[in-house]
Each structure stands twice: as structure tokens, then as C-alpha cells.
Amino acid sequence: MNFVRGKIWLRFCLFFDIIEMSLFREKVLFLVSKIKRGRVTTYKVIAGKFKSGPRAVGQAIGANPRPVVIPCHRVVMSDGSLGGYSGGIKKKIALLRREGIRIKGGKIVDFKKYFLKFKQVK
């Protein structure tokens, strides 16, 4: 799916949210929407796709109006630490565990096993 079709899908998901969204935020949330259940990626990987910084990605993800539809809980820190979540860290842990991801001491166990590195973004 290319970004144009993804953008249409994303706008459908956000149809009832009256917000102005930057193109950067739309692209970040579109990419996050492609993370499959039971997989995670990092703020840094996403930032690299847009020549941005991990903090900017975190801000874009933090403003996700549909955190269940667009699974921002699947984005973590580069060392496997969980990072933040708008619904609270306990909720992020519960969502990841429900998807079969093991967590211990605030980090993902066997991080590389669940890690998704995107190949290309259009």
C-alpha cells in the first residue's frame, strides 16, 4: 500500500476527529498502522524513515487520536524499553502481552525476536 492510499485509509479512521494534522504526523501514524500484531519497532527506526528525530516521532505518536486502531503501543525504545503511552504504561504492557510479547523489568524479552525494521516508505 502506498502512502496516498494509506492516507485515504488514515483519514477514514480519523474522520470523526476534528483535528488538523501535519503531513509528518499523518505519515508517522500511517507507518505505525502497518506494524502487525505481535511485532514492535522503535521511535528511532521510524524517525530514520523521515529524516527526523525520535522525539518528534514520539510527539506525533503521542497525539494519536485512535490508539487502538493505529497501534502506537507497538513503538518502543531502541534498547527494548517500553517508552511512553498515552493510556499509561500499564495499559501498554497489557496490550503488548495480549499480543504475545514478553516483558520483564520494563523491557521486551528477546527484543530482536519481535523487532520489525521497515524496508521502504513511500
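Does Lys122 qualify as being modelled with pLDDT under 95 and assigned to a loop (DSSP other than H, G, I, E, B)? The answer is yes for Lys122.
When you scan region 55-105, how many residues do you find that are part of a helix (DSSP H, G or I), buried (at least 18 other Cβ atoms within 10 Å of the Cβ) and either in contact with a strand residue (DSSP E or B) (Cβ under 9 Å, 6 or more places away or on another chain) or not hydrophobic (A, V, I, L, M, F, W, C) (or both)? Total meeting the criteria: 7. For region 26-51, the set of residues classified as in contact with a helix residue (DSSP H, G or I) (Cβ under 9 Å, 6 or more places away or on another chain) and assigned to a loop (DSSP other than H, G, I, E, B) consists of Lys34, Ile35, Lys36, Arg37, Gly38, Arg39, Phe50, listed by residue number. In the set Ser52, Ser81, only one residue is closer than 15 Å to Lys27 by Cβ and more than 12 Å from the chain's Cα centre (by Cα); that residue is Ser52. Here Asn2 clears all of (1) at pLDDT below 80; (2) surrounded by 11 or more Cβ atoms within 10 Å (Cβ to Cβ); (3) not aliphatic (A, V, I, L, M) except the condition numbered (2).
Cβ-Cβ distances below 9 Å connect the following pairs, each with a first residue in region 80-109 that is over 18 Å from Arg66 (Cα atoms) and touching a residue at least 60 places away in the same chain (Cβ under 8 Å), a second residue that is β-branched (Val, Ile, Thr) and loosely packed, with under 14 Cβ neighbours inside 10 Å, and a separation of six or more residues or different chains: Ile101/Val109.
The values are calculated or read from the model by the stated rules, or taken from the named source; none is laboratory data. All values derive from a computational prediction rather than experimental measurement. For neighbour counting, all protein chains shown are included, and Cβ atoms are generated from backbone atoms with ideal geometry for every residue, glycine included.
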